[in-house]
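Visitor: The structure that follows is given in the form of structure tokens.
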Amino acid sequence: MDLITNMVTEKPVVIFSKSTCCMSHSIKSLILSFGASPTVYELDEMTNGQQIERELLQMGCQPSVPAVFIGQQFIGGPQSVTSLHIRNELAPLLL
């Protein structure tokens, strides 16, 4: 998990994604719609993507992508992010 910790340090919003995942695309679009500029890691395009994916699974990400971190805190996957959005709690986190 040190790898993920290093990747999210000092970045306001980080999304671990796969370029072929429709849920990843939807979550990225949602976060971008708030004017955020997330750092996006496309695991299927990275040489160590499988290692990162294993670490995400060990952290409890089910499925492994999309995985969203805001302010270095793990927010969750698509269900968590969508729930925050529906409760109008996502925008304040992104500000």
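Coordinate-derived values only; no laboratory data. From a predicted model like this one, the values you see are computed outputs, not experimental measurements. All Cβ positions, even for glycine, are placed from backbone atoms using ideal geometry, and neighbour counts span all protein chains on display.
Visitor: Output wanted: per-residue J couplings in Hz (rounded whole) for region 62-76, from phi through Karplus 6.51 cos²θ - 1.76 cosθ + 1.60, θ = phi - 60°, x for Gly and Pro.
Guide: Once rounded to whole Hz, the list reads 9, x, 5, 9, x, 10, 10, 10, 10, x, 6, 9, 6, 8, x.
Visitor: Can you give me the long-range amide H partners of Gly76? Hydrogens built in the peptide plane at 1.01 Å from N, cutoff under 5 Å, separation of 5 or more residues or another chain.
Guide: For Gly76, the qualifying residues are Val68.
Visitor: Additional query: Pull up all non-local amide H partners of Val13: gap of 5 or more, or a different chain, and H-to-H distance under 5 Å with H placed in the peptide plane.
Guide: Under 5 Å from the amide H of Val13 lie the amide H atoms of Thr39, Gly71, each far enough along the sequence or on another chain.
Visitor: How much of the calculated P(r) for the chain lies past 23 Å, in percent of all Cα pairs?
Guide: Working: 660 of 4465 pairs.
The calculated P(r) of the chain puts 15 percent of pairs beyond 23 Å.
Visitor: Round to the nearest 10 and give me the degree value, 0 to 90, for the angle of helix 49-58's Cα axis relative to the longest principal axis of the chain.
Guide: 70
Visitor: OK, next. Taking loop as defined by DSSP and a crowding limit of 16 other beta carbons within 10 Å, which GluC sites (Glu not before Pro) in the chain fit?
Guide: Glu10, Glu89
Visitor: Another question, then. State, as an integer percentage, the relative contact order of the chain based on alpha-carbon contacts under 8 Å between residues 6 or more apart. The partial results should precede the final answer.
Guide: On the way: 131 pairs, mean separation 31.4, N = 95.
Answer for the chain is 33 percent.
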